[in-house]
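The values are calculated or read from the model by the stated rules, or taken from the named source; none is laboratory data. Keep in mind that what you see is a predicted model, and the values were worked out from it rather than measured. Please note: Cβ atoms are built from the backbone with ideal geometry, for glycine as well, and neighbour counts cover all protein chains shown. Remember, those area values only see protein heavy atoms, side chains included, never the ligands or the DNA or RNA. Shrake-Rupley method; radii C 1.70, N 1.55, O 1.52, S 1.80 Å.
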Amino acid sequence: MNSHQADDLATFMAGVERRNPGEPEFLQAVHEVAMDIIPYIADKPIFQELKILERMTEPDRIVSFRVVWEDDRGEIRVNRGFRIQQNNAIGPYKGGIRFHPSVNQSVLKFLAFEQVFKNSLTGLPMGGGKGGADFNPKEKSEREIMRFCQAFMTELYKHIGPDTDVPAGDIGVGAREVGYMFGQYKRIVGRFEGVLTGKALEFGGSRIRSEATGYGAVYMMEEMLAHHQETIEGRICVVSGSGNVATYCAEKLIGMGGKVVTMSDSSGFIYDPEGLTHDKLQWIMELKSKRRGRIEEYVREFGGTYHEGERPWGVPCDLAFPCATQNEITADDARTLIDNGCRGLSEGANMPTTPEAIRVIQASKTLLHAPGKAANAGGVSVSGLEMSQNSLRLQWTRAEVDQHLRRIIRGVHDQCVEFGTAADGHIDYFKGANIAGFNKVAAAMIAYGVM
Ligand code: GLU
């Protein structure tokens, strides 16, 4: 970036900061994109004249609403729900719903903004959006979760539809919550339609939807390695998280001959030097989804060590898969990974690497680093395929969906290479993903004129 472009970036960011006070996560996500887009559009006056980037950073609309529900003790509880409809230039708004106490407008705006680029990269006709609530599903009974989901949908249904906005799951929202929300939507509008994805197979879900985000993060790693004539087989893999993304990421890695040695939750991580097996993973899935227990219990069952309050990045590894949440890899963690000889980092979570950590990795040039926009695009891709199947009123086989998923991730990888390769041959996957994602949405916005 030359000094003129650096000034343009500073001016642009000053405007975004002024319009979005108190929203650090959103500003972080915008800055990471603007850093690549501003130099890219420097010699393309049409994008500047039409203020494409300025328009893309302003959500089409934000819906914020009260969610009132009754807990098991009969107490009335009040939460705040949101839906951010960021951009629908290339298709209906599409993106998950997050239920977590950390949810606020800044977090959901960062996620909605990222989703626009991610969805564009998949090549499927999906715009970007995100929703959620500051509801904590931990220690809630099944009935409380059901009542919350119903109360949430009782307002959200007004703003969504199969051709307008199609939500899905994210942290705290899986097939069970999607089932409760889909049931409530159907009851209110009186129509059975593909308004949500991540549904169970019995009522219009897609095969491999649950697995897709984790599988996609591994397929992306496989593509990056293959591009450098390397493979996953025999590599030591460090995975964070123990939810849906982390467990299916680990499953696919084990299937491809990788050795997965860690998993984590919000309390700490387990290190199993022997490596996880399909049986051990099955046990973790049951621990987390059925018993809702803590990851530390793993050590009592299978041995290894538990590290309270720590993240797994200090464990020497070849490949790292952050699959927990945003900003879980700091600059120090990045230095440790590089010093330990880590070769690849594929972001199963959204924005898991801090800007300082990204700079450390970019400077080292030794680590293949796929951003969440590319590496976790598998989830929303299979959501897109679920929409296709709903429109066709068909259900594809596992093999058919997996074939589409692999093809889509290969396409994501190839676009990153096309737009992210420097003169010295080094591939900046962040830059490639940002520019490729931007181009398609920008072209559609230009075609529509000024609006
Ligand atoms: N929440 C997922 C994501 O971050 C999936 C969204 C979807 O399937 O719509 O991409």
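Checking each residue in segment 196-207 for being touching a residue at least 12 places away in the same chain (Cβ under 8 Å) and either away from the ligand (no atom under 12 Å from the Cβ) or part of a helix (DSSP H, G or I) (or both) picks out ALA200, LEU201, PHE203, GLY204, ARG207.
Taking the numbered list (1) in a loop (DSSP other than H, G, I, E, B); (2) surrounded by fewer than 24 Cβ atoms within 10 Å (Cβ to Cβ); (3) more than 16 Å from the ligand (Cβ to nearest atom) in turn, ASN327 passes all entries but (3).
Results for (1) out of contact with any strand residue (DSSP E or B) (no Cβ under 8 Å at 6 or more places or on another chain); (2) touching a residue at least 12 places away in the same chain (Cβ under 8 Å); (3) of a type in the set (Gly, Ala, Ser), shown as yes or no for each residue.
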{"position": "ALA320", "(1), (2), (3)": "no, yes, yes"}
{"position": "GLN326", "(1), (2), (3)": "yes, yes, no"}
{"position": "ASP339", "(1), (2), (3)": "yes, no, no"}
{"position": "CYS342", "(1), (2), (3)": "no, yes, no"}
{"position": "THR366", "(1), (2), (3)": "yes, yes, no"}
{"position": "ASN376", "(1), (2), (3)": "yes, yes, no"}
{"position": "SER381", "(1), (2), (3)": "yes, yes, yes"}
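Annotation note: of GLU251, GLU347, GLU310, GLU286, the sole residue that is open to solvent by less than 10 Å² (accessible area, probe 1.4 Å), acidic (Asp, Glu) and within 25 Å of the chain's Cα centre (by Cα) is GLU347.
Listed here are the residues, each with its yes/no results for (1) within 16 Å of the ligand (Cβ to nearest atom); (2) in a helix (DSSP H, G or I); (3) more than 20 Å from the chain's Cα centre (by Cα); (4) among the small types (Gly, Ala, Ser).
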| position | (1), (2), (3), (4) |
| --- | --- |
| GLU54 | no, yes, yes, no |
| ARG80 | no, no, yes, no |
| LYS94 | yes, no, no, no |
| PRO101 | no, no, no, no |
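One residue stands out among those in segment 370-399 that are of a type in the set (A, V, I, L, M) and within 12 Å of the ligand (Cβ to nearest atom): the one that is most open to solvent (accessible area, probe 1.4 Å), which is MET387. For the structure I just gave you, tell me whether ALA34 is without any contact (Cβ under 8 Å) to a residue 40 or more places away in the chain and among the aliphatic types (A, V, I, L, M). Considered against the rule, which asks whether it is without any contact (Cβ under 8 Å) to a residue 40 or more places away in the chain and among the aliphatic types (A, V, I, L, M), ALA34 comes out as yes. Listed conditions (1) touching a helix residue (DSSP H, G or I) at 6+ places or on another chain (Cβ under 6 Å); (2) closer than 12 Å to SER383 by Cα are all met by GLN184, apart from (2). What residue, among those in segment 183-195 that are touching a Phe, Trp or Tyr at 6+ places or on another chain (Cβ under 7 Å) and in a helix (DSSP H, G or I), is nearest to the ligand (Cβ to nearest atom)? Only one residue fits best here, namely TYR185.
The residue of segment 134-180 that is farthest from the ligand (Cβ to nearest atom), among those that are open to solvent by less than 30 Å² (accessible area, probe 1.4 Å) and acidic (Asp, Glu), is GLU144.
Go through segment 216-239 and give me each residue that's open to solvent by 10 Å² or more (accessible area, probe 1.4 Å) and either modelled with pLDDT under 95 or within 13 Å of the ligand (Cβ to nearest atom) (or both). Within segment 216-239, no residue meets the criteria.
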